[in-house]
Amino acid sequence: MRITFSTVILFLFFFSPQFTFAQEESVGNIYNFYQKYISDIRPTKCPMYPSCSNYAMSAFKNYNVFKAAVLTTDRLMRCGHEHDSYDALMMAGEYKLLDPAIHSEETKSLMLKPERLFSMSDTIPSPDLQVFKTLIDEGHFQEALYEYHRLKAAGEVSSKKDLEHNYYRALFGLGEYEKIIFHQKYGLDQSLKNDEDINLKVSEAWFKLQEYTESISFIEGAFERKTDKIFELEGLVYAFSDEYVQAMNSYNKVGASHPYHDYVQGNIQTVKKLSEIKTLNPTIAGLMGIFPGGGYLYSGHTTTGISAFVLTGLLGYATYTSFQSDNTGVGILSGIFTAAFYTGSISGGVKASKRRNTSRKNALKNKLKYSFN
């Protein structure tokens, strides 16, 4: 009975019909078994992005075998559980939970969201820019860029500032934040380098790219005199970079006459809550992970913790019964995978605590208000 049980478990878990050791098939077999017998998600589509099999491929491509195995087993135990701990994306008409094996610029770009902005006018009327501004106001940002380049090629315009400022607003509407930064540094007319409205958009672009240090650095260097709007942005950037004292200092400098003063007052209360968040201790999560699934349970990942306990227990039992029945080969194989899942459970518990801390902060940070218009 024990021989049969351990053999069936290992067969379902690790061997393909063709008995191949190819990484793609091995990972696929583990994932299929998990989806069918353990996970609470019955459909064949993985709710995570990238999918579990693609996650494993990425892990084995970018890390050594040991680390890749630990990452993969952790992902299999987490798949589809505790949705509120991940950023949600709309991919091909379906919501996916963002969870890459390695964080790259491509992954980061998935979270960049364009802003719906409207055109701005200088104090001097500029009728030659009317079509350009209308395209922006109607949300035709790509067409607005075509009009911008046409105007640039045609020669002189009535207001260079109006043209460049609204060009940045069109780029904002497309989420092309890097182009704003690049253009300000290399393509902007020297006479506009110190323009407050234009530099505000550059500071906001750094913020949208989640480059908070760069945003603060640019603010400190670009503005000789800070207005209420600059202090408002500065407070927002400090809050997102977890520097709550500096955020409060900046927000408190915003005058009562500022049009978005109500936003600022609400943000002050949110920053206070952020500063009072009690975070989980990753070290404790790691220590509790000595008991399979304990780290996940400590981090509030109850379903994942139970899955980790069941999977590690089944594999441990298979290893024990295999050696008891002198089936050494299967025992060694199952022992290797038991170690991988056990280590993955400990490592995963530590990361789960950090993920839960981040998700709690992000839930509050997403309540911070700021108008990019």
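The values are calculated or read from the model by the stated rules, or taken from the named source; none is laboratory data. Small disclaimer: the values here were computed from a predicted structure and weren't measured. Positions of Cβ are generated from backbone atoms using ideal geometry, with glycine treated the same way; all protein chains shown enter the neighbour counts.
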Complete set of residues in segment 89-103 that are under 18 Å from residue 362 (Cβ atoms) and either touching a Leu at 6+ places or on another chain (Cβ under 9 Å) or at pLDDT 85 or above (or both): 89, 95, 96, 97, 98, 99, 100
Qualifying residue in segment 176-198 (condition: in contact (Cβ under 8 Å) with a residue 40 or more places away in the chain and surrounded by 22 or more Cβ atoms within 10 Å (Cβ to Cβ)): yes
Residue match in segment 221-237 (condition: in a helix (DSSP H, G or I), in the same structural domain as residue 271 (by TED's automatic domain parsing), over 30 Å from residue 357 (Cα atoms) and in contact with a Ser or Thr (Cβ under 8 Å, 6 or more places away or on another chain)): yes
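Closer than 30 Å to residue 367 by Cα and in contact with a helix residue (DSSP H, G or I) (Cβ under 7 Å, 6 or more places away or on another chain) - does that describe any residue in segment 312-322?
no
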Set 226, 253, 278, 272: member being under 21 Å from residue 214 (Cβ atoms) and without any contact (Cβ under 8 Å) to a residue 60 or more places away in the chain: 226
Segment 148-187, residues that are more than 20 Å from residue 373 (Cβ to Cβ) and among the charged types (D, E, K, R): 150, 152, 156, 160, 178, 185
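Examine segment 223-243 for a residue that is of a type in the set (Lys, Arg), surrounded by fewer than 14 Cβ atoms within 10 Å (Cβ to Cβ) and within 25 Å of the chain's Cα centre (by Cα), and state whether such a residue exists.
No, every residue in segment 223-243 fails to be of a type in the set (Lys, Arg), surrounded by fewer than 14 Cβ atoms within 10 Å (Cβ to Cβ) and within 25 Å of the chain's Cα centre (by Cα).
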Helices (runs of 4 or more DSSP H) wholly inside segment 138-182 that include at least 2 residues being out of contact with any strand residue (DSSP E or B) (no Cβ under 9 Å at 6 or more places or on another chain) and of a type in the set (Ser, Thr, Tyr): 141-154, 160-174
Test: residue in segment 139-160 that is surrounded by fewer than 20 Cβ atoms within 10 Å (Cβ to Cβ), on the phi < 0 side of the Ramachandran plot, of a type in the set (S, T, N, Q) and modelled with pLDDT of 90 or more: yes
Check on residue 271, surrounded by 16 or more Cβ atoms within 10 Å (Cβ to Cβ), in the same structural domain as residue 227 (by TED's automatic domain parsing) and hydrophobic (A, V, I, L, M, F, W, C): yes
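Scan the helices (runs of 4 or more DSSP H) fully inside segment 262-373 and keep the ones with 3 or more residues being at pLDDT below 90.
The qualifying helices (runs of 4 or more DSSP H) are 302-324, 328-365.
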Flag for residue 80 being closer than 28 Å to residue 306 by Cβ, out of contact with any His (no Cβ under 8 Å at 6 or more places or on another chain) and either modelled with pLDDT of 80 or more or surrounded by 15 or more Cβ atoms within 10 Å (Cβ to Cβ) (or both): yes
Unmet criterion (only one of (1) surrounded by 24 or more Cβ atoms within 10 Å (Cβ to Cβ); (2) more than 21 Å from residue 365 (Cα to Cα)) for residue 303: (1)
Flag if residue 210 is in contact (Cβ under 8 Å) with a residue 60 or more places away in the chain and either out of contact with any Pro (no Cβ under 9 Å at 6 or more places or on another chain) or β-branched (Val, Ile, Thr) (or both): yes
Subset of segment 210-220 [on the phi < 0 side of the Ramachandran plot and outside any helix (DSSP H, G or I)]: 211
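Table: residues versus (1) modelled with pLDDT under 85; (2) touching a strand residue (DSSP E or B) at 6+ places or on another chain (Cβ under 8 Å).
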{"position": "50", "(1), (2)": "no, no"}
{"position": "58", "(1), (2)": "no, no"}
{"position": "75", "(1), (2)": "no, yes"}
{"position": "87", "(1), (2)": "yes, yes"}
{"position": "106", "(1), (2)": "yes, no"}
{"position": "111", "(1), (2)": "yes, yes"}
{"position": "115", "(1), (2)": "yes, no"}
Segment 321-362, subset aromatic (Phe, Trp, Tyr) and either touching a residue at least 40 places away in the same chain (Cβ under 8 Å) or within 24 Å of residue 75 (Cβ to Cβ) (or both), residue surrounded by the fewest Cβ atoms within 10 Å (Cβ to Cβ): 342
Matching residues, segment 183-209, being closer than 24 Å to residue 235 by Cα and outside any helix (DSSP H, G or I): 193, 194, 195, 209
